[in-house]
1. Per residue of the stretch 171-177, in order, report the coupling 6.51 cos²θ - 1.76 cosθ + 1.60 (Karplus, θ = phi - 60°) as ³J(HN,Hα) in whole Hz, putting x for Gly and Pro.
2. For the stretch 17-151, report the translational diffusion coefficient in µm²/s to the nearest whole number, using Stokes-Einstein at 25 °C, 0.890 mPa s, and a Kirkwood Rh over Cα pairs.
3. Towards the positive end of the charge dipole of the stretch 76-213, with charges on Cβ (+1 Lys, Arg; -1 Asp, Glu), say which of Ser165, Phe81, Phe127 has the farthest Cα.
4. Along each of its three principal axes, how wide is the spread of alpha-carbon positions in the stretch 76-213, in whole angstrom units, largest first?
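Every number in this text was worked out from the coordinates using simple rules, so none of it is lab data. None of the values given here were measured: they were computed from a predicted structure. So basically every Cβ, Gly included, is an ideal-geometry build from the backbone, and we count neighbours across all protein chains shown.
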Amino acid sequence: MPEQTRAAIHRSPAPRKYAPSAKRAARTSEARERIRHAAWHAFSTQGLDAASIAGIVRKSGVSTGSFYNHFGSKEALFEAFLQDLTEQVRDLTARARAKADDLETMLRISFEALLEHIVSIEGARGFIERNQHHVRASLHQFDSMEQMLEDLRRDVARGAGRSLSAQELDLVARMIFAMGLETILQLDERPGPSSSEAAALMTAMIVRGVGGLGLAKT
C-alpha cells in the first residue's frame, strides 16, 4: 500500500456513532410519556392483571411495536412505576425524619408526609389499592426498599433514647415500614381521617406498641 494511502487512513476520523435528530428524540420521548400516561391510568383504574397492552396502546395512540421497544412488557412498566414511587417515598420520609430528634416526632411527621404525598398524586390510591398483591410481591426486589429499611434503622437508633441491638433495630424498622405500607394499601376514595390525624394514630400505635423497648415518651 502506498505510504500516502496509509497516512490518509491513519488520519481518517473515527466513525461517528449514530445520534437521532432532536426532532426524532422529541417524538420518541413523547411516545414514551404517552405510553406511561395510558398505562398509569390502566393500572390505576383496572389493575395490572386486567390491564392489557392492547388497551394501553390504543389509549396512548402509539404502535404496539413502540410499546415493546420502550418497556418490553406491562409488568416491567408496572415495576418501573412502583420503583419510582418507592424512591420518592424513601426520599421524602427520610427528609421528614431528619427534622426531629425523638422517635415519636420522627414517625408522626414522616407518616404525615407519606400520606399527603400519596393522596396528592392523581391515581396513586387506585394504583396501590388495585394492585396490592403485586405491590407486596415486587417491593422486596428493589434496592430502594432495603435502603429505606436502612434509613429507618439509622433513624430509630438516633431517636430511640437508648441503645438497641441490631435485631431490635431491624424489628422496629420493619414494623414502621409495615404500618406505613398497610395504611396506604387500604387508602381509598371514601372520606376518612386527615393525613395528620391518621399519622398521629399510626405513630401512637407504633410507639406504644414498642414501649417495652423503652421507646415511648415518659
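1. Listing the rounded values in order: 4, 5, 4, 5, 5, 5, 4 Hz.
2. Value of D from the Cα-based Kirkwood radius: 148 µm²/s.
3. The residue sitting farthest along the positive end of the dipole is Ser165.
4. Largest to smallest, the principal-axis extents are 42, 33, 24 Å.
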